[in-house]
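Written below as structure tokens is the structure these notes are about.
The values are calculated or read from the model by the stated rules, or taken from the named source; none is laboratory data. Given the structure is predicted, the values throughout are model-derived calculations rather than measurements. Neighbour counts run over all protein chains shown; Cβ positions are idealised from the backbone, glycine included. Side chains included, ligands, DNA and RNA excluded: accessible areas come from the protein's heavy atoms. Shrake-Rupley method; radii C 1.70, N 1.55, O 1.52, S 1.80 Å.
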Amino acid sequence: MRSVVAGLFTAVAMVCMVLAVPSMWLSQRVVSTEGFVSSASVAAHDAQVQDYFAQKVASSVEDATGSKIAADLVLPAARNYAQSDGFVADFSEVARQQHEWLFTAPDADTDLHLMEFNITPMINRVVQSAPLPIPVTIDREVIVTVDQSQITAGSLEDSGTLVDILAWVSVIGAIVASLIALMVSTRRTTVLAWLGVGGVLAGLAGWGIAVFTDNVVHERLANTDEASRNTIEVVVSGIVDNLSTVSLYVGIGGAVVLLVAVVARVASAR
């Protein structure tokens, strides 16, 4: 009877592990505002992202002043700014706006397929350092829009709530089930070995979800303009790479536990 109970709780623990790794990562690095901003901000150091926003700043100055010369004077300063710490801080705010668009229910008059970014702070930071013949200040909001045909504003709000619940339930379930299985089992090394297998499977599941997510994002951005698509793909790839790294560590940890359990089992059988 004890073996049956131990086997049942070991199976439950393994299932919970497989669910816990990707769901807890999603909860902490995507659904969480601060986690999302922290993950996405890494993309601020990418050359494609820097060039995209430098061009947007320059074109926005041209729109505001009606002068191509002003835009040409601003562009070098914009490129220098895009490689500075100030850009990283401003890009973090853009990432925060992106998260809000994805995870917060929109107002009634919001265009559900247009993701909007306010880049006014970026522009004013650049024009203050640009060699312009007359001072220029942008006193209105400058909004950059990205057409999203495959996703809508606030569409991830309910999913985010479910992910948070699943993450904590699966983590707690994995811990409790593992402890019960180890306590009731008469062959703890065997249970430990299976828990190690669960860790390996959890790592593989997380890696698989990372690959799948990256592919889905590429497909859904197919109709987006090239500059915007490249920028969003860089942001998403940076976030997904973090899941791949976490999954690798979990898989290695599971393999170590499995190896220790097998060695202990062999040693105890002598």
message: Test of understanding: among Ala108, Ala78, Ala54, which residue is surrounded by fewer than 17 Cβ atoms within 10 Å (Cβ to Cβ), more than 30 Å from Leu195 (Cβ to Cβ), among the aliphatic types (A, V, I, L, M) and without any contact (Cβ under 8 Å) to a residue 60 or more places away in the chain?
response: Ala108
- prompt: When you look at Glu116, is it at pLDDT below 85 and either surrounded by fewer than 19 Cβ atoms within 10 Å (Cβ to Cβ) or part of a helix (DSSP H, G or I) (or both), yes or no?
  reply: yes
message: Being free of Cβ contacts under 8 Å to residues at least 60 places away in the same chain and among the small types (Gly, Ala, Ser): is that true of Ala167 here?
response: no
message: Can you tell me which residue is farthest from Val15 (Cα to Cα) among those in segment 156-165 that are open to solvent by less than 70 Å² (accessible area, probe 1.4 Å) and of a type outside the set (D, E, K, R)?
response: Leu156
- prompt: Could you say whether any residue in segment 237-244 is open to solvent by 30 Å² or more (accessible area, probe 1.4 Å), of a type in the set (Gly, Ala, Ser) and free of Cβ contacts under 8 Å to residues at least 12 places away in the same chain?
  reply: no
So Asp90, is it charged (D, E, K, R), without any contact (Cβ under 8 Å) to a residue 40 or more places away in the chain and open to solvent by less than 50 Å² (accessible area, probe 1.4 Å): yes
message: Six or more apart or on different chains, Cβ atoms under 8 Å: show the pairs whose first residue is in segment 27-42 and surrounded by fewer than 19 Cβ atoms within 10 Å (Cβ to Cβ) and whose second is among the aromatic types (Phe, Trp, Tyr).
response: Thr33/Phe103
Subset of segment 13-26 [open to solvent by less than 50 Å² (accessible area, probe 1.4 Å), of a type in the set (A, V, I, L, M) and closer than 24 Å to Gly154 by Cα]: Met24
message: Suppose we keep only residues that are of a type in the set (Val, Ile, Thr) and under 35 Å from the mean Cα position of the chain (by Cα) within segment 179-199. Which one would you say is surrounded by the most Cβ atoms within 10 Å (Cβ to Cβ)?
response: Val191
query: Would a scan of segment 41-64 turn up a residue that is touching a Lys or Arg at 6+ places or on another chain (Cβ under 7 Å) and hydrophobic (A, V, I, L, M, F, W, C)?
result: yes
query: Which of the following residues is open to solvent by less than 60 Å² (accessible area, probe 1.4 Å) and touching a Ser or Thr at 6+ places or on another chain (Cβ under 6 Å): Ala205, Ala153, Ala174?
result: Ala153
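One line per residue, one yes/no per condition, for (1) touching a Pro at 6+ places or on another chain (Cβ under 6 Å); (2) of a type in the set (A, V, I, L, M, F, W, C); (3) modelled with pLDDT under 95; (4) over 20 Å from Val236 (Cα atoms):
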| residue | (1), (2), (3), (4) |
| --- | --- |
| Ser149 | no, no, yes, no |
| Leu156 | no, yes, yes, no |
| Val163 | no, yes, yes, no |
| Val184 | no, yes, yes, yes |
| Val191 | no, yes, yes, yes |
| Gly208 | no, no, yes, no |
| Phe212 | no, yes, yes, no |
